[in-house]
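Here is the structure we will look at, set down as structure tokens.
The values are calculated or read from the model by the stated rules, or taken from the named source; none is laboratory data. As the structure is a computational prediction, the values presented were derived from the model and not from experiment. Here Cβ is always computed from backbone atoms with ideal geometry, including for glycine, and neighbour counts include all displayed protein chains. Quick note on the areas: whole protein, heavy atoms, side chains included, nothing else; ligands and nucleic acids left out. Shrake-Rupley method; radii C 1.70, N 1.55, O 1.52, S 1.80 Å.
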Amino acid sequence: IILTITVENGHLFVRENDEEKQEYLAESPNDFYSTTSTDECSFKPETGLAQVLVLHLDDGRNPELKRVP
């Protein structure tokens, strides 16, 4: 999975591989949910520059994706 995370005009967007980007809204400073699907994610660590994105999948899995330079 390759996710591209962008912030445009203060809004968070996530694009998976070559799919359309989805807007995500904040539930808390580190937890977000998609406006167009059931996708949810969290950023780690809770303070400082995020290094890991945790996907919260419908099947209960929570894969952690590491930031690449």
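For the stretch 3-66, with the dipole built from +1 on Lys and Arg beta-carbon atoms and -1 on Asp and Glu ones, taken about the Cα centre, which of PRO45, GLY60, VAL7 lies farthest toward the positive end?
PRO45
Taking all protein chains in place and a 1.4 Å probe, what share, in percent, of the accessible surface of the chain do carbon and sulfur account for?
Heavy-atom surface of the chain belonging to carbon and sulfur, 1.4 Å probe: 51 percent.
When only alpha-carbon atoms count, how far does the stretch 2-50 stretch along each of its three principal axes, as whole angstroms with the largest first?
30, 21, 19
Find the relative contact order for the stretch 1-68 and round it to a whole percent, using C-alpha pairs within less than 8 Å whose residues are 6+ positions apart.
16 percent
Once you charge only the Cβ atoms, +1 for Lys and Arg and -1 for Asp and Glu, what is the size of the charge dipole of the chain about its Cα centre, to the nearest 20 debye?
360 debye
Find the centroid of the Cα atoms in the stretch 14-31 and in the stretch 44-58, then give the distance between the two in whole Å.
Cα centroid of the stretch 14-31 versus Cα centroid of the stretch 44-58: 12 Å apart.
Keeping every protein chain present and rolling a 1.4 Å probe, give me the accessible area per residue for the stretch 3-66 in Å².
70 Å²
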